[in-house]
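Colleague: Input: one structure, supplied below.
Throughout, read-outs are computed from the coordinates displayed, never taken from laboratory work. Owing to the predicted nature of the structure, the values given are computational and were not obtained by experimental measurement. Glycine also receives a Cβ, built like all others from the backbone with ideal geometry; neighbour counts cover every protein chain displayed.
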Amino acid sequence: MYTVTPVGAVPGSDAYLLTTPTHAALLDAGFAFAAKAMLPIVASRLGGRPLQYILLTHSHYDHASGSAAAKKRWPEAQIVASAYAAKILAKESARDVIRTMNDHAAREHGVFDYEDLLADLTVDRTVADGDLVDMGDLQLRVLELPGHTRCSIGFYDEPARLLLGCETLGVISGPGLVMPCCLVDYNSTRQAIARVRALAVNQLLLPHHGLIEGEECQRFLAAADFWLAETRRRLQAAHDQGKSEDDLLQLLKQWFYTDLARRYQPEKAFDLNARYTIALMLKKDD
Ligand SMILES: [Zn+2]
């Protein structure tokens, strides 16, 4: 009834092709600098079929910036994202940040020349909670899942028990280990995880990991919930013992910056995100 295939070209530039007998969607689009290498992979998986959608889980550069090149290659495809993501991607200042982040990541991957096309990047359709994306056999219901960013969304098809998740749910860093990825709000992250735990899920796509199936889905979500609360508890305890922000960063690194995490996240990006997470988690009024 549907297939989910990874089509990312380099580690960390994760993207998936979701197909039904009648429709095809690219889920996230990776880095702008990696799009040139990704497009032939997508094209070969499509085998000449049209691409109807480019679905963006959020506006971060490693998920959204490759979408401009995909849109250029398949102009009929609609770029779909939350209204908040559309607003961010339209901002010149945000595009500058995205450009800088891409340049850093490109250099780390030995790419020194690429066309970012960010000036052309616009969201064609904004979606809100409960909206449906028609993929024929799959009717993807939009779930607003803020927490990682305000603009984070997932997609859910109840009959197929398929959830296309986003980073608000956390990222697998090892067996039973889920790194919290809350960058804007602890409580909404917790609520988002609780919300999807209440759904019947038999296939769960995690953007930086791939598809997990069966009982593993609920095990992952339970671990995501546990590590979110546990990380906050540990950070607050360490802070109460007088640890500095740099000490806390080292602790987070010890717990979660595993070999697996290194595959998709450069240390600089980890540090930047970790500092946001630490600041959020030390707020006691949440
Ligand atoms: Zn992100």
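Colleague: Once the Cβ-Cβ distance between Arg49 and Gln254 is put in as r, and R0 is 45 Å, what FRET efficiency do you end up with, to the nearest 0.05?
Modeller: It comes to 0.45.
Colleague: For region 87-211, state the semi-axes of the equivalent ellipsoid (square roots of 5 times the eigenvalues of the alpha-carbon gyration tensor), sorted largest first and rounded to whole angstrom.
Modeller: After diagonalising the Cα gyration tensor, the semi-axes are 28, 19, 15 Å.
Colleague: What Kirkwood radius, in Å to one decimal, follows from the Cα pairs of region 3-227? List each step's numbers first, then the result.
Modeller: Numbers: mean 1/r = 0.0577 Å⁻¹.
Radius from the Kirkwood sum: 17.3 Å.
Colleague: Okay, next question. Explain nothing, just compute: Karplus ³J(HN,Hα) = 6.51 cos²θ - 1.76 cosθ + 1.60, θ = phi - 60°, for every residue of region 84-89 in order, whole Hz, x for Gly and Pro.
Modeller: With coefficients 6.51, -1.76 and 1.60, one gets 5, 5, 4, 5, 5, 5 Hz.
Colleague: Nearest 0.05, what FRET efficiency do Val4 and Glu245 give at R0 = 41 Å with Cβ-Cβ as r?
Modeller: The pair Val4/Glu245 has a calculated efficiency of 0.55.
Colleague: Then there's this: For the chain, compute the number of Lys pairs whose alpha carbons are separated by less than 26 Å, excluding pairs fewer than 8 positions apart on the same chain.
Modeller: Step by step, the pairs that qualify in the chain add up to 19.
Colleague: Please give the calculated 222 nm ellipticity per residue for the chain, where each DSSP H segment of at least 4 residues contributes -39500 (n - 2.57) and the sum is spread over every residue; nearest 500 deg cm²/dmol?
Modeller: -12500 deg cm²/dmol
Colleague: Relative to the longest principal axis of the chain, what angle (0 to 90°, nearest 10) does the C-alpha long axis of helix 245-256 take?
Modeller: The helix 245-256 is inclined about 60 degrees to the chain.
Colleague: Let me ask another. Once you wrap a convex hull around the alpha carbon atoms of region 1-105, what is its projected area averaged over all directions, in nm²?
Modeller: 6.2
Colleague: Right, another one. What percent antiparallel are the DSSP beta bridges of the chain, to the nearest 5?
Modeller: 70
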